[in-house]
Amino acid sequence: MKWELKTKRVYIDATQPDEASLIEAASLLQQGALVAFPTETVYGLGANALDGAACAKIFQVKGRPQDNPLIVHVADQKAAEGLSAVWPEIAERCAQKFWPGPLTLVLPKGPALPDEVTAGLNTVGIRIPSHPVALALLRKAGVPVAAPSANLSGKPSPTSGSHVWQDLQGEIPLLLDAGTCAVGLESTVLDLSGSVPTILRPGGISREQLEDVLGEVRIDRPLEGRAPKAPGMKYRHYAPKGEMILLQGSREKILQRMEDEISKAHRRLKKVGILCTLESAPFLHEQLPDLLFVLGSEERPEEVASNLFEGLRLCDSQEMDIILAEAIEEGGVGMAVMNRLEKAAGHRLIRV
Ligand code: AMP
Ligand code: MG
């Protein structure tokens, strides 16, 4: 029989975290154990970033590919500077403007970090999260904390304590559960190790926001056959179990295509889930899906971002065979939403 670790789930106030729970979590981290905790982006699965053996457990528990580096979370800028080999002026500007917040800076790595954290790369991704629980935990632990998303690899990232519980119950000693995450998408990963700042992964801070502060910002769009600079971007991610298709075009055509697909699927006795905007939802009436999840208003991409992973997970838990999702505009955080939707759909995007 497999020996099961009992996971303690501690409910913690998101704005005024209780001291005793923080002490318990910090001391587990100091002892080399894993702790799942909330951040403003998604829940993180944390380990002491200076402890290679502790970081190795993250890969084991998540089933994470060994070549996918971990983001290091710190409580203040001084700690970030201490982990990188250099601290260029552009990093200073990013930190001043966007930290604490959903921006990860990739810089040449300093000597303190074990190879497990950076997956052997000579750079490190660092950020200061803004969630009060994450910040308080980092201060209490007094060590940098390596923390990827607290989901099983390949599954949608966890945006609530319940998502973490579904994935990691019995695998880790402690989950700090503070309810849902405000941003709901991972951080933007910005590479500052080259001559022009380059977005390796779109996320909670938009390209437009970065350009306002930094001027030209490139986007790493890997060409066929070339590996992306953020190793994690090459893996199938966020993937629900059902077959997912992303539909892009006019509302009318998208709705028509959705109804055609629903009727086709129902003839084959397949269950269909729809992820769509608030504006489209009322117009599906000829053919009804088995699950209709409203992502949010197309006027508010932040809302869509914060609901997306919940919608994908719901399609899984309700056992949808086919998932049809409506594309949104790429402006602002819409770019990160589309990046996750495309990955979840395995790049099956249909222009109607
Ligand atoms: P996760 O924490 O699960 O959201 O994954 C972290 C993401 O950041 C992955 O896509 C990594 O590939 C990327 N990342 C972390 N550190 C680096 C680095 N040093 N260079 C490039 N990408 C990185
Ligand atoms: Mg992840």
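The values are calculated or read from the model by the stated rules, or taken from the named source; none is laboratory data. Computed from a predicted model, the values in this text were never measured in an experiment. No Cβ is skipped: glycine too gets one built from the backbone with ideal geometry, and neighbour counts run over all protein chains shown. Side chains are part of the model used for accessible areas, which takes the heavy atoms of the whole protein and leaves out ligands, DNA and RNA. Shrake-Rupley method; radii C 1.70, N 1.55, O 1.52, S 1.80 Å.
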**Complete:** Checked the range 29-39 for anything buried (at least 21 other Cβ atoms within 10 Å of the Cβ) and either away from ligand 2 (no atom under 16 Å from the Cβ) or among the acidic types (Asp, Glu) (or both); matches are Leu29, Val35
**Message:** Whether any residue in the range 231-238 is more than 16 Å from ligand 2 (Cβ to nearest atom) and either of a type in the set (A, V, I, L, M) or not in a strand (DSSP E or B) (or both) is what I want to check.
**Reply:** no
**Message:** Report every pair of residues separated by at least 6 positions or lying on different chains whose Cβ atoms are under 6 Å apart, first residue within the range 261-276 and open to solvent by 10 Å² or more (accessible area, probe 1.4 Å), second of a type outside the set (A, V, I, L, M, F, W, C).
**Reply:** Ser263/Gln287; Lys270/Asp321; Lys271/Asp290; Lys271/Asp321
**Request:** Evaluate the range 5-14: report whether one residue or more is in a loop (DSSP other than H, G, I, E, B) and modelled with pLDDT under 95.
**Result:** yes
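Please indicate, with yes or no, whether at least one residue in the range 284-295 is touching a Lys or Arg at 6+ places or on another chain (Cβ under 6 Å), assigned to a loop (DSSP other than H, G, I, E, B) and open to solvent by less than 20 Å² (accessible area, probe 1.4 Å). It would help to see each step written out before you state the result.
We begin by selecting, within the range 284-295, every residue touching a Lys or Arg at 6+ places or on another chain (Cβ under 6 Å); these are 290.
Filter once more, so that each one left must be assigned to a loop (DSSP other than H, G, I, E, B): 290.
In the following step, the residues that additionally are open to solvent by less than 20 Å² (accessible area, probe 1.4 Å) were identified as none.
Taking every residue of the range 284-295 in turn, none turns out to be touching a Lys or Arg at 6+ places or on another chain (Cβ under 6 Å), assigned to a loop (DSSP other than H, G, I, E, B) and open to solvent by less than 20 Å² (accessible area, probe 1.4 Å).
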**Request:** Scan the range 134-166 for residues that are within 16 Å of the chain's Cα centre (by Cα) and at positive phi and jot them down.
**Result:** Gly154
**Asked** Based on what the data block shows, is Val61 at pLDDT 95 or above, over 29 Å from Glu303 (Cα atoms), open to solvent by 10 Å² or more (accessible area, probe 1.4 Å) and among the β-branched types (Val, Ile, Thr)?
**Response** yes
**Request:** Look at Glu89 and say whether it is over 23 Å from the mean Cα position of the chain (by Cα), without any contact (Cβ under 8 Å) to a residue 40 or more places away in the chain and within 20 Å of Gly110 (Cβ to Cβ).
**Result:** yes
**Request:** Inspect all residues belonging to the range 154-167 and state whether any of them is more than 16 Å from ligand 2 (Cβ to nearest atom), surrounded by 23 or more Cβ atoms within 10 Å (Cβ to Cβ) and hydrophobic (A, V, I, L, M, F, W, C).
**Result:** no
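Can you name every residue in the range 318-352 that is in a helix (DSSP H, G or I) and in contact with a helix residue (DSSP H, G or I) (Cβ under 8 Å, 6 or more places away or on another chain)?
Gly334, Met335, Ala336, Val337, Arg340, Leu341, Ala344
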